[in-house]
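Shown next, in structure tokens, is the structure this report addresses.
The values are calculated or read from the model by the stated rules, or taken from the named source; none is laboratory data. Keep in mind it's a predicted model, so treat the numbers as computed, not measured. Counting neighbours? That spans all protein chains shown, and the Cβs are built from the backbone with ideal geometry, glycine included. Note: accessible area is taken over every heavy atom of the protein model, side chains too, but ligands, DNA and RNA are not part of it. Shrake-Rupley method; radii C 1.70, N 1.55, O 1.52, S 1.80 Å.
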Amino acid sequence: MTGFPPGAPKLPRHKDIGRLLLNCPDRRGVIAAVSTFLTNSGANIISLDQHSTAPEDGVFLQRTVFHLPGLAAAQPELEREFQSVAQEFDMDYRFTDASRPKRVAIMASTADHCLLDLLWRNRRGELDMTVVMVISNHADLAEQVRAFGVPFVHIPATRDIREQAEQRQLELLKGNVDLVVLARYMQIITPAFLDAIGCPLINIHHSFLPAFVGATPYRRAKERGVKLVGATAHYVTEDLDEGPIIEQDVVRVDHTHSVEELVRLGADVERAVLSRAVLWHCQDRILRHGNETVVF
């Protein structure tokens, strides 16, 4: 698994590099069948990662990276021909082209640390994605976002006008993005929105949940003498903050840290955790299994 490279090099554009992600009931011959298919299709396998959830009667998950000359033109036929393999092994699968960055929208409120970190890393070439827009229910961050050359869309959203706000958001997002990142977007996402959006959502929050909920979690954590401050990035589901976890991290703290220092340390962890989760998603490293993730 790769993290962020040292310095500021641009991620290479991988021409003719494809990725195949699949899951199926585990049985003998899956790897051989996939490898034989790709070889017979003229592809060269660059890397192959796999995991089985149990030695017997488990679920098999695999990520294969391959080189195939003329992939962009060949991919539709490749996917059609792979259907026979998929049917034999009862696979769910998808092919992606590594040379095509994911189209990403970011949603935020007034906190800027996660939003600006993503925009900054993307500008440096550390995140292989295209940020098509930022949507916010407040106008506070408009000028900072536009400095990155990214469209900023202000859509007020409160409990009273949530339905209208989500309808406007869907008009902008549906069919236009591959991923939505909630970079401290402080509004409830409704089941109706999730059903309609047609792409995954990744959220970030502090890891005090469910112990310290509400508006002042760091103050309440300080009052309890916490020794760890952390963050969790996860896919969004209808169950609030209970979707499949992608990445987590912590930093140790002690009695000498003030509430303000806890908030700063928490923001640092949130930035790092969210950026890693987005990176891995954009590199097609994450396979979902129930309410869990396998990250290759």
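Listed here are the residues, each with its yes/no results for (1) open to solvent by less than 60 Å² (accessible area, probe 1.4 Å); (2) part of a strand (DSSP E or B).
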{"site": "VAL229", "(1), (2)": "yes, yes"}
{"site": "GLU242", "(1), (2)": "no, no"}
{"site": "THR256", "(1), (2)": "no, no"}
{"site": "LEU265", "(1), (2)": "yes, no"}
{"site": "HIS281", "(1), (2)": "yes, no"}
{"site": "ARG288", "(1), (2)": "no, yes"}
Members of the range 53-74 found to be over 13 Å from VAL34 (Cβ atoms) and crowded, with 16+ Cβ neighbours inside 10 Å, listed by number: VAL59, HIS67, LEU68, LEU71, ALA74
Inspect the range 28-36 for any residue being of a type in the set (D, E, K, R), touching a strand residue (DSSP E or B) at 6+ places or on another chain (Cβ under 8 Å) and free of Cβ contacts under 8 Å to residues at least 40 places away in the same chain and give the result as yes or no. no
Have a look at SER109, SER84 and point out the one that is surrounded by fewer than 17 Cβ atoms within 10 Å (Cβ to Cβ) and at pLDDT 95 or above. SER84
Within the group ASP128, ASP117, ASP97, which residue is touching a helix residue (DSSP H, G or I) at 6+ places or on another chain (Cβ under 8 Å), of a type in the set (Asp, Glu), modelled with pLDDT of 95 or more and closer than 16 Å to LEU274 by Cα? ASP117
Restricting to the range 121-158, what's the tally of residues that are touching a residue at least 12 places away in the same chain (Cβ under 8 Å) and farther than 16 Å from MET107 by Cα? 7
Examine the range 13-27 for a residue that is part of a helix (DSSP H, G or I) and modelled with pLDDT of 95 or more, and state whether such a residue exists. no
Inspect the range 25-45 for any residue being among the β-branched types (Val, Ile, Thr) and open to solvent by less than 40 Å² (accessible area, probe 1.4 Å) and give the result as yes or no. yes
